[in-house]
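Have a look at the structure below before the remarks.
Values in this text are rule-based calculations from the coordinates and carry no lab data. Values in this document were obtained by computation on a predicted structure and should not be read as measured data. Note that we place each Cβ from the backbone using ideal geometry, even for glycine, and neighbour counts take in every protein chain shown.
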Amino acid sequence: MRGTVETLKTDRDLESRRQDMAAAFRWTARLNMNEAVANHFSLAVDATGSQFLMNPNQVHFGRIKASDLILLDANDPSSMKGPDAPDPTAWGLHGSIHRLCPHARCLMHVHSKAATVLATLADSTLPPIDQNSAMFYERHIVDTEYGGLAFEAEGVRCAGLLTNPKIRIMVMGNHGVLALGQNVADTFFQLYYFERAAQTYISALQTGQPLRILDENIARKTADELAAYPDSADCYLRDIKLILDEEGSTYRL
């Protein structure tokens, strides 16, 4: 199902969102954070959050263009009958969260290496050992009840863990990671920095040396300061698009 949503202000608004999404897909592939032709991003485009853009089934992130993105309705399962409809696990996870957690406007799910390693540990919590990891102090949760592929029942269960708008990352135990945000720039920023923080943590564990964990008050203060830090997410996505444009990328098409 492709097209516009009546509640958008203009067709140009929708096209801009499509281009932001396509740029995020391309950059995720460049960072080797996606997995083959799996993994999914989605972005709500109506006031209720139920209508959302998503990547088509079985297309590599490195090839996705703005026009490829499919418009779905979390309240309309017939959306899954359209051309290039996402696979049932994408619908189960993203559709359930968009339907039940309208504050989560954008969702990005990947099996990136460091975050997935973290998801395999008996304790998958990311401790605040540096500035990047402190960004997620009290802003991430761990799902310890992996129930298999994220068909609809599993998606509903995951959505039930995400009712707190403060949560920006869910470490999906034995699975991968899910980032949540208000728009593409905001969400990709969370996804990128969580992977960076997880890389540092896993590397620190590999030294076998004791960790220097921040005091909880300092970690909380740092998280608050970073959450209020202006423009970083927008500027990151802006420059990603500028680099892609300079290279002649087809992501905007």
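Pairs of lysine residues in the chain that meet both criteria, 8 or more places apart or on different chains and Cα atoms under 30 Å apart, total 12. Based on DSSP H segments of at least four residues, each scored -39500 (n - 2.57), the chain has a per-residue ellipticity at 222 nm of -12000 deg cm²/dmol. Normalised by the number of residues in the chain, the average gap of Cα pairs under 8 Å and 6 or more apart makes the relative contact order 22 percent. If R0 is taken as 22 Å, the Cβ-Cβ distance between Arg12 and Asp46 corresponds to a FRET efficiency of 0.85.
How charged is the neighbourhood of Asp143? Take every other residue with its Cβ under 11 Å from the Cβ of Asp143, and add Lys/Arg as +1 and Asp/Glu as -1. Each step should come with its number before you reach the end.
Numbers: positive: Arg157; negative: Glu145, Glu154.
Around Asp143, the surrounding residues sum to -1.
Taken along its principal axes, the alpha carbon cloud of region 143-253 reaches lengths of 44, 39, 29 Å, longest axis first.
To the nearest ten degrees, helix 184-207 and the longest principal axis of the Cα atoms of the chain are 30 degrees apart. The simple spin-label model puts a point 7 Å past each Cα toward its Cβ; for Lys113 and Thr144 those points are separated by 2.9 nm.
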